[in-house]
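The structure appears below as structure tokens.
The values are calculated or read from the model by the stated rules, or taken from the named source; none is laboratory data. Being a predicted model, the structure only gives us computed values, none of them experimental. Cβ atoms come from the backbone with ideal geometry, glycine included; neighbour counts cover every protein chain shown.
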Amino acid sequence: MSHFFADTFSMNLIQDLRDMWQYAFMRNAFIAGTIVAIVAGAVGYFVVLRRSSFAAHSLSHAGFAGAAGAVWLGLNPLVGLLAFTSAGGLLMAALGRKAAARDVQIGTVLAFMLGLGVLFISLYKGYATEAYSLLFGEILGVSRGDVVVTALIGALLLVVLAVVYRPLVFASLDEDVAEAKGVPVGLLSACFMLMVAVATAIAVQVVGVLLIFALMVTPPAIAERLSRRPAQALSLSVLVALLVTWFGLFISYYVPYPVSFFITTSVFGLYLLTRGIAFVRK
């Protein structure tokens, strides 16, 4: 769909943007992509800071199980996606209070959720294209209603993140000291896992379940290499996520390949570049 309207770039970037934004699906994709990039970059920074990348990956798979269950029940896949990622996040937090010692619990929950996903897909007798599309993302198919829902969820998530920002930074840098200082580490951990779950749910529509690292982990990993200051690194993470998402959408308008491919490739290239610069400096 993305390559039917233009064959080549022009030398006028503004005109190119005007050409693609005349189509509703491109406007919806840019708006939803921008919201998701901001949320994924912000929440993803704490995912990297707390060494919880496996948790984000596992929750994306839990979301697929929920989407499959929603399709089986005749519901919107996003409903199941949010329900299962949220439940999975809270379950992971309950089973393993310490972030550093949660891998076994996360793996256990992941296996259970994947088993449910297989069951739901096998029970569904129709074409589960909506659930399967979540594996690789379908941002060019986002509707106006999806944009509104994404905006509301994203805004709520950013407000919660702003409220818990300072104690979350403290607990992420040194969980034991934070607990000794009276920070409610357990409650904060559950809140964080719930934020990761919701962020994962809305990011899936852009890059899909299998490529969730592209927006939730790689931009923060780049930012962490460029700055050690939390506020600055968080801002850089959001900026990188925005740039690669916009780039992927822009290129996909002209080239007949998935948006998620361009997003993952460009962000991986940036990661290699930062690693290369750091190596040369050393």
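Tabulated data
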{"item": "Residues of the stretch 22-76 satisfying the condition of being among the polar types (S, T, N, Q) and surrounded by fewer than 24 Cβ atoms within 10 Å (Cβ to Cβ)", "result": "22, 28, 34, 53, 76"}
{"item": "Filtered residue count, the stretch 239-275, keeping only those that are within 15 Å of residue 36 (Cα to Cα) and among the hydroxyl-bearing types (Ser, Thr, Tyr)", "result": "3"}
{"item": "Selection count where residues are out of contact with any helix residue (DSSP H, G or I) (no Cβ under 8 Å at 6 or more places or on another chain) and part of a loop (DSSP other than H, G, I, E, B), scope the stretch 227-252", "result": "2"}
{"item": "Unique residue being among the aliphatic types (A, V, I, L, M), over 30 Å from residue 186 (Cβ atoms) and at pLDDT below 85 when the list is 31, 14", "result": "14"}
{"item": "Answer from 190, 221, 199, 178 - the residue that is in contact with a Phe, Trp or Tyr (Cβ under 9 Å, 6 or more places away or on another chain) and either closer than 27 Å to residue 151 by Cβ or modelled with pLDDT of 85 or more (or both)", "result": "221"}
{"item": "Candidates 111, 87, 100, filtered to the one that is modelled with pLDDT under 75, part of a helix (DSSP H, G or I) and surrounded by fewer than 22 Cβ atoms within 10 Å (Cβ to Cβ)", "result": "100"}
{"item": "Matching helices (runs of 4 or more DSSP H) fully within the stretch 148-226 where at least 1 residues are among the hydrophobic types (A, V, I, L, M, F, W, C) and touching a residue at least 24 places away in the same chain (Cβ under 8 Å)", "result": "185-207, 213-216, 218-226"}
{"item": "Lone qualifier among 160, 169 - being surrounded by fewer than 20 Cβ atoms within 10 Å (Cβ to Cβ) and in contact with a Pro (Cβ under 6 Å, 6 or more places away or on another chain)", "result": "169"}
{"item": "Pairs with Cβ under 8 Å, 6+ apart, first in the stretch 17-29 and under 23 Å from residue 204 (Cα atoms), second of a type in the set (Gly, Ala, Ser) and in a helix (DSSP H, G or I)", "result": "25/141"}
{"item": "Conditions (1) over 22 Å from residue 154 (Cβ atoms); (2) hydrophobic (A, V, I, L, M, F, W, C); (3) over 17 Å from the mean Cα position of the chain (by Cα): number failed by residue 261", "result": "(3)"}
{"item": "Residues within the stretch 262-282 that are at pLDDT below 85 and either of a type in the set (Phe, Trp, Tyr) or in a helix (DSSP H, G or I) (or both), tallied", "result": "5"}
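Yes or no, residue by residue, for (1) within 20 Å of the chain's Cα centre (by Cα); (2) more than 24 Å from residue 144 (Cα to Cα):
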{"position": "41", "(1), (2)": "yes, no"}
{"position": "62", "(1), (2)": "yes, yes"}
{"position": "75", "(1), (2)": "no, no"}
{"position": "79", "(1), (2)": "yes, no"}
{"position": "105", "(1), (2)": "no, yes"}
